[in-house]
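Accompanying notes for the structure given below.
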Amino acid sequence: MDRRIVRSPRDIFLRRLLRYGGIGATAIGVVTLWRMAPSSGTLSVQNGQISIEAVHSAPFLDYLPVRAAVAPLSTIFVNAVQGGEVAEVVVHDGALVKKGDVLARLTNPQLQLDVTSREAQIASQLGAISAQRLSLQQTRTGEDTALGEARYALLKARRELQMRRSRTSVNRGVVNCEPWSVLKISGAP
């Protein structure tokens with residue numbers, strides 16, 4: 001049969017010491033290394049490189065002499081729809097601009113003359129249309145006047161004809177001659 005092996009207390013102690021002591025020693029080593037390592041915001045400098053002086057207020061001049069060629073990250077060429085002369089430069093080289101900013105003002109005298117002449121042509125055509133409307137209105141007024149005169153002449157002629165007929169009827173003795181003043185004449189149709 002199997003027997004139980006009894007370990008000596010010394011073996012148990014050594015085993016536990018190795019197991020837990022190794023873990024403890026590793027943890028102490030990690031913490032020690034972590035504390036000894038410089039943190040991310042520090043810099044190790046030798047004593048010969050440090051100078052100590054009194055502090056006073058002055059402007060900070062951060063100039064570094066460097067030879068280099070400066071070039072923009074991106075270059076955009078601007079083109080004008082209509083040519084002309086530059087009247088005013090609003091933005092100079094190197095300035096930061098946004099979309100829609102005015103860079104320069106251009107003038108085009110030829111274009112201004114064309115616009116002015118076309119405005120004059122439009123004004124003259126509007127004047128001609130007004131003259132034609134006035135002429136048409138005068139013609140309508142003249143025709144209305146002539147029509148009114150013709151109706152009046154027709155009415156006058158009908159009254160005169162009716163009066164002649166009544167006179168002839170009175171002269172023949174067909175009609176009584178009393179109502180000369182109350183003669184009813186129908187108007188124009």
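None of the figures in this text is laboratory data; all of them are computed from the coordinates on show. Since we're looking at a predicted model, the values are computed, not measured. Note: ideal-geometry Cβ built from the backbone for every residue, glycine included; neighbour counts use all protein chains shown.
Worth a mention:
- Semi-axis lengths, Å, region 116-172, gyration tensor of Cα atoms, sqrt of 5 times eigenvalues: 54, 4, 4
- Near Arg16, once Lys and Arg are set to +1 and Asp and Glu to -1 for all other residues with Cβ below 13 Å from its Cβ, the sum equals +3.
- Label-point separation, Asp101 to Gln121 (7 Å along Cα→Cβ), nm: 4.0 nm
- Only one residue of Thr116, Ala128, Ala157 has its Cα farthest out toward the positive end of the dipole of region 116-172, where Lys and Arg carry +1 and Asp and Glu -1 on Cβ, and that residue is Ala157.
- Net dipole in debye of region 116-172 [+1 Lys, Arg Cβ; -1 Asp, Glu Cβ; about Cα centre; nearest 20]: 720 debye
- As a length-normalised measure over Cα pairs under 8 Å and 6 or more apart, the relative contact order of the chain settles at 10 percent.
- Whole-angstrom gap from region 29-87 to region 100-153, using each part's C-alpha centre: 70 Å
- Where only C-alpha atoms are counted, convex hull volume of the chain per residue in Å³: 847 Å³
- Normalised convex hull volume, region 1-76, alpha-carbon set, Å³ per residue: 371 Å³
- Total charge dipole magnitude, the chain, about the Cα centre, Cβ charges on Lys, Arg, Asp, Glu only, Debye to nearest 20: 1640 debye
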